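Q: Below you will find the structure I want to go over with you.
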Amino acid sequence: MHIGPYPLTSPVILAPMAGITDRPFRNLCRDWGAGLAVSEMVASNPALRHHQRTVLKADQRGENGIRSVQILGTNPQDMADAARFNAERGADIIDINMGCPAKKVCSVAAGSALLKNEELVKQILNAVVSAVTIPVTLKIRTGWDLQNRNALAIAQIAENAGIAALTLHGRTRACKFAGTAEYETIRQVKQAIRIPVIANGDIDSPDKARQVLASTGADAVMIGRAAQGNPWIFAQTSHFLTTGTYLPKPSLACIQQTLIGHIEALYRFYGDNSGVRIARKHIAWYCQALGLSGDTRTAINQAQLPAEQIAQINAFFHYLTNARAA
């Protein structure tokens, strides 16, 4: 699969997730085989452009692979300016968020709330595509609610505007993340347009990825929540799609090394104080994947310094290793 001139090394993509897909996590998932890793959403509001948190969200320095920055907003000119600004800072792809269902986003008519206004969608897409010379992609949901699923109409607007690829989450905005994703709408969209289509929603295993690709005809799959504390899902899924065989689960030593490397990258990126706090949620996800108790996570979360946090993690892995060997 290509997005514009860029060939993807794998049809398995890391979804943009607010507060999660920062540069350390994107690099980690690429190292584990993600064909593309999209940044967390960056507000297009020019007043926030130089805010420290906004700058960090779009920070691509030293980032490996194709650099995709997702922008969010409702004003076509602001969105065009944000696209141009991030392209000048090194983005290879601009992704437009019209899929976020969060209340604070939809309350200002951004994210998936835009699906209600097809004319505004058209204006935004035309403005952004015209503003940059790099590929522009779009992420949407199937519609506003179950009675108003207009993904097909939005997809055709996107194709006509010059969007290079479309990601479709198989839920409406009203569904948020409840229930199960449906893929029939993705299949219909894929059959109706010529640009690449990426299927998203509830893809949490190699088997599910193959099932979704087969049922929708999509060109790639996008994995979000299932990658939290589980970055090797990209290598496992890519291998299975290519060979039909399963990779073994990572060893405890490999998981320990991956986790330590991840949080050390967070310390370098955010600084020690913020890095320790931000690392806690990632540590919790790794612990959940290992079946560790809430007490274990609580003990690790009491650490206030990087060295303390790493020492707690190493102690628990030492305990796990000995327990499994007994």
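The values are calculated or read from the model by the stated rules, or taken from the named source; none is laboratory data. Please read these numbers as outputs of a predicted model, since none were measured by experiment. FYI the Cβ positions are ideal-geometry reconstructions off the backbone, even for glycines, and counts take in every protein chain you see. Ligands, DNA and RNA are stripped out before the accessible areas are found, and what is left, the full protein with its side chains, is counted by its heavy atoms. Shrake-Rupley method; radii C 1.70, N 1.55, O 1.52, S 1.80 Å.
Q: Which angle between 0 and 90 degrees, to the nearest 10, do you get for helix 118-131 versus the longest principal axis of the chain when only C-alpha atoms count?
A: It is inclined by approximately 80 degrees.
Q: Another question, then. Residue by residue through region 20-35, which ³J(HN,Hα) values in whole Hz follow from phi under the Karplus form 6.51 cos²θ - 1.76 cosθ + 1.60 (θ = phi - 60°), with glycine and proline marked x?
A: 10, 8, 6, 4, x, 6, 4, 4, 4, 5, 5, 4, 8, x, 5, x
Q: Could you work out the relative contact order of region 252-325, using alpha carbon pairs under 8 angstrom and six or more residues apart, expressed as a whole percent?
A: Numbers: 47 pairs, mean separation 22.7, N = 74.
In percent, rounded to a whole number, it is 31.
Q: Pulled fully out, how much extra length does the chain show between N273 and L120, if you take 0.36 nm times their separation in residues and subtract their Cα-Cα distance? Before the final figure, lay out each step's value.
A: Values: separation 153, 0.36 × 153 = 55.08 nm, distance 4.16 nm.
Difference between extended and current length: 50.9 nm.
Q: Same structure, new question: In terms of modelled amide H atoms, which long-range or inter-chain residues lie less than 5 Å from the amide H of I96?
A: Amide H neighbours of I96, under 5 Å, 5+ apart: I71, T137, L138, K139.
Q: Give me the extension gain from A178 to D145: residue separation times 0.36 nm, minus the current Cα-Cα distance, reported in nm with one decimal.
A: Numbers: separation 33, 0.36 × 33 = 11.88 nm, distance 1.25 nm.
Here the segment from A178 to D145 would lengthen by 10.6 nm.
Q: Restricting to DSSP H runs of at least four residues, report the calculated mean residue ellipticity at 222 nm for the chain, -39500 (n - 2.57) per run over all residues, nearest 500 deg cm²/dmol.
A: Working: 13 runs with 154 residues, N = 326.
Per the formula, -14500 deg cm²/dmol.
Q: Per residue, how much accessible area does the chain show when a 1.4 Å probe rolls over the protein heavy atoms, in square angstrom? Before the final figure, lay out the partial values.
A: Values: 13990 Å² over 326 residues.
Dividing the accessible area of the chain by its residue count gives 43 Å².
Q: As an exercise, find the ratio Rg/Rh for region 252-325 from alpha-carbon atoms, using the Kirkwood inverse-distance average for Rh.
A: On the way: Rg = 11.5 Å, Rh = 12.2 Å.
Dividing the radius of gyration by the Kirkwood radius yields 0.95.
Q: Applying the Karplus parametrisation 6.51 cos²θ - 1.76 cosθ + 1.60 with θ = phi - 60° to the phi angles of region 195-203, what ³J(HN,Hα) value in whole Hz is obtained for each residue in order, glycine and proline being reported as x?
A: 3J(HN,Hα) across region 195-203, in whole Hz: 6, x, 10, 10, 8, 9, x, 6, 8.
Q: Plugging the Kirkwood radius over Cα pairs into Stokes-Einstein for region 174-326, at a temperature of 25 °C and a viscosity of 0.890 mPa s, what D comes out in µm²/s? Numbers along the way, then the final one.
A: Numbers: Rh = 17.7 Å.
The calculation lands on 139 µm²/s.
Q: Taking a 1.4 Å probe, which of M79, M41 shows the most accessible area, and what order do the others take after it? Working shown, then result.
A: On the way: M79 0, M41 30 Å².
The most accessible residue leads, giving M41, M79.
Q: What does the charge count near L166 come to, summing +1 for each Lys or Arg and -1 for each Asp or Glu among other residues with Cβ under 14 Å from its Cβ?
A: Numbers: positive: K139, R141, R187, K190, R194; negative: D95, E159, D219.
Result for the local shell: +2.
Q: Additional query: Starting at the first residue of region 228-236, write each ³J(HN,Hα) from the Karplus equation 6.51 cos²θ - 1.76 cosθ + 1.60 with θ = phi - 60°, in whole Hz, x for Gly and Pro.
A: Listing the rounded values in order: 6, x, 8, x, 6, 4, 5, 5, 4 Hz.
Q: Tally Lys/Arg at +1 and Asp/Glu at -1 over every other residue whose Cβ is under 10 Å from the Cβ of L14; what's the total?
A: +2
Q: For region 64-200, give me the percentage of DSSP beta bridges that are antiparallel, rounded to the nearest 5 percent. Can you show the working numbers first?
A: Values: 1 of 19 bridges.
Within region 64-200, antiparallel bridges account for around 5 percent of the total.
Q: Could you grab the relative contact order for the chain? Cα pairs under 8 Å, six or more apart, rounded to a whole percent. Could the numbers behind the result be given before it?
A: Details: 616 pairs, mean separation 44.1, N = 326.
About 14 percent, as a whole number.
Q: Now for a different question. Restricting to bridges with both residues inside the chain, how much of the DSSP beta-bridge set is antiparallel, in percent to the nearest 5?
A: Values: 3 of 33 bridges.
The antiparallel proportion sits near 10 percent.
Q: Further, regarding this structure: What is the sum of charges around I157, taking Lys and Arg as +1, Asp and Glu as -1, for the other residues whose C-beta is under 11 Å from the C-beta of I157? Each step should come with its number before you reach the end.
A: On the way: positive: K122; negative: E118, E119, E159.
Summing Lys and Arg as +1 and Asp and Glu as -1 gives -2.
Q: If you don't mind, another one. How much accessible area does Y286 have with a 1.4 Å probe, in Å² rounded to the nearest 10?
A: 0
Q: Could you work out Rg/(2.2 N^0.38 Å) for the chain, with Rg from alpha carbons only?
A: Rounded to two decimals, the normalised Rg is 1.00.
Q: Additional query: With a 1.4 Å probe and every protein chain kept in, tell me what percent of the accessible surface of region 218-286 is carbon plus sulfur. List each step's numbers first, then the result.
A: On the way: 1440 of 2830 Å².
Carbon-and-sulfur percentage of accessible area, whole number: 51.
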